[in-house]
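The structure appears right after this line, and notes come after that.
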């Protein structure tokens, strides 16, 4: 969150930015790695960390959080590790991002805005712009499954290049 001082006013409001937190990026990458290995048994945390360049100390917490959300499960023992609880083709990037970050809005406006937190409440000329931007973000993230990303990476490797754009 970034503090923006309103010119001519003494109040300070909180405004979010569109960047996805590093923790959420790690979560998406961890789920992606599990999607790549789906059907091959549990994946050890060290394998996920190494393959996706995620510090292990963060990954443990992220996987536990994802487990609490029902996205991953763990198995103990010699062949232990983590695995997805759903098929990669049924799990979207939007679900993971929403779970990790909350709403996919580019700003803290709209339905979540309260009258006492926004001086433009009820007469904001930008409301429809922010609403359209939110719908566009949702369309991209909710329209992208982890299976699609796995296939995209495999295709790119087959072509000799990797393109991680969505």
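Since every read-out is calculated from the coordinates, none of them should be taken as a lab result. Since the structure is predicted, the reported quantities are computational estimates derived from the model, not experimental observations. Using ideal geometry, Cβ is built from the backbone for each residue, glycine included, and neighbour counts are taken over all protein chains shown.
Here are a few things to note about the model shown:
- Panel note: the C-alpha atoms of segment 19-158, placed on their principal axes, show extents of 60, 33, 23 Å (largest first).
- Its relative contact order, with pairs defined as Cα atoms under 8 Å and 6+ residues apart, puts segment 19-158 at 28 percent.
- Gain in span if fully extended, residue 126 to residue 44, counting 0.36 nm per residue against the direct Cα distance: 24.8 nm
- Treating r as the C-beta distance of residue 148 and residue 61 and R0 as 41 Å, the FRET efficiency rounds to 0.90.
- Neighbour counting of Cβ atoms within 10 Å sorts the residues 48, 62, fewest neighbours leading, into 62, 48.
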